[in-house]
Amino acid sequence: MKLLQQLNYKPILLFAALMFPLPVLQTASAQYKADKKLEGMLKAVADSFHGVAGIYVHNLKTNREVAINADTIFPTASIIKVPILVGMFDQIQQGTYKYHTPLVYRDSMSRKGSGLMQFFKDSTKTDVRTAITLMITHSDNAAAVWCERMAGGGSTINTWLDAHGFKDTRLNARTPGRETARQQYGWGQTTPREMAKLAAMIRNEQAVSPEASQTMYRIMTHSFWDEYALFSLPPYVQAASKQGMVDDSRSEIVVVNAPHGDYVFYVATKNNKDQRWVEDNEAWQLARKVSAMLWNYYEPHSDWKAEAAASRYWQ
């Protein structure tokens, strides 16, 4: 299919995407109303966390929100791969690459940590689509650094973020002038409100172009890392997500295509006391608990027992 191979969009769609997303989001933001009942429920959970927790929830149907430390800056860890994803599709939009542009992997590009590309043999033939998909679905570090470079690096990605109203979300690694921020926050930084906004832009087909947003969203619905917030959701309900994990910070962005209206939430943590890499890590339990509470709140008549699912293997 020509659209999937090239993502060459009509000029009028590009014009609309560039001209209208930010004002639309600003207008909507001014109309958001606080959901005090839900806020009280979630604040009790956040306050009990041994570290710093931030939660932002936006019901895309009702425009009601919950903001708990929502404008506090947290490390992103691998969640910075979402801005890199947008940066890659911006390059595709500009014609720098096509979605299926051939690539050749070199073993010098290997990065430790999560992902599959580090196990590729030298000179393995691949393509842009594979690098992008592995970066998001398996949080592949080698693929992410490769995509980061193809997207123009941190400076280019940060310029896009700044132009679209993101004042705190930034890529720090390998980015001139961001050395101090990298020492403090690592690869990237964001706030719960801003990362939820970016996810909502993708969901609402306002990031780069409608067609690019659709493809990005589709990729984000295939996460391998489904034992955290996603585990509290019914397996038959679609959710787009990205997870970020380092020793003292575990965070997650999720957009849920719920029966009674989509909602997006971001659970962020830092200065975590529990730094164990085990299934019942406190931050991961927080993500499961918040996800379960939101599902039950928005879908009270569902047969899905979110709390039972969230605690089935992690008592």
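The values are calculated or read from the model by the stated rules, or taken from the named source; none is laboratory data. Owing to the predicted nature of the structure, the values given are computational and were not obtained by experimental measurement. Heads up, the Cβs are rebuilt from the backbone with ideal geometry, glycines too, and the neighbour counts pull from every protein chain shown. Heavy atoms of the whole protein, side chains included, go into the accessibility calculation; ligands, DNA and RNA do not. Shrake-Rupley method; radii C 1.70, N 1.55, O 1.52, S 1.80 Å.
Excluding residues on the same chain fewer than 8 positions from residue 61, give the lysines whose Cα lies under 18 Å from its Cα. Straight-distance partners of residue 61: 33, 36, 37, 197.
What the phi angles of region 298-304 give under the Karplus curve with 6.51, -1.76 and 1.60, with θ = phi - 60°, is a coupling list of 8, 10, x, 9, 5, 7, 6 Hz, glycine and proline written as x.
Counting only protein heavy atoms and using a 1.4 Å probe, the accessible area of residue 224 comes to about 120 Å².
Proximity of backbone amide H atoms, modeled 1.01 Å from N, is registered between residue 126 and 103, 104, 105 at under 5 Å, excluding neighbours fewer than 5 places apart on the same chain. Tell me whether region 151-234 comes out rounded, prolate or oblate; compute the Cα gyration tensor, take square roots of the eigenvalues as a ≥ b ≥ c, and use a/c under 1.5 as the rounded threshold. Verdict is oblate for region 151-234.
The accessible area of residue 303, taken with all protein chains in place and a 1.4 Å probe, comes to roughly 140 Å². Of the residues 241, 108, ranked by 1.4 Å probe accessible area with the largest first, the sequence reads 108, 241.
Label positions at residue 36 and residue 106, each projected 7 Å from the Cα along the C-beta direction, are separated by 6.1 nm. Per residue, region 245-313 exposes 44 Å² of solvent-accessible protein surface, assessed with a 1.4 angstrom probe and all protein chains in place. Working note: Karplus 6.51/-1.76/1.60 with θ = phi - 60° gives region 94-111 the couplings 6, x, 5, 9, 9, 4, 10, 4, x, 9, 10, 7, 10, 5, 5, 8, 4, 10 Hz, where Gly and Pro are set to x. Within the same chain, lysines fewer than 8 places from residue 125 are excluded, and of the rest, those with a Cα less than 29 Å from its Cα are 2, 81, 98, 112, 242. Diagonalising the gyration tensor over the Cα atoms of region 80-121 and scaling each eigenvalue by 5 before taking the square root yields semi-axes of 23, 15, 7 Å, largest first.
Of 112, 98, the order by accessible heavy-atom surface (1.4 Å probe, DNA, RNA and ligands excluded), from most exposed downward, is 112, 98.
Within the chain, the ratio Rg/Rh, alpha carbon atoms throughout and Rh by Kirkwood, equals 0.95.
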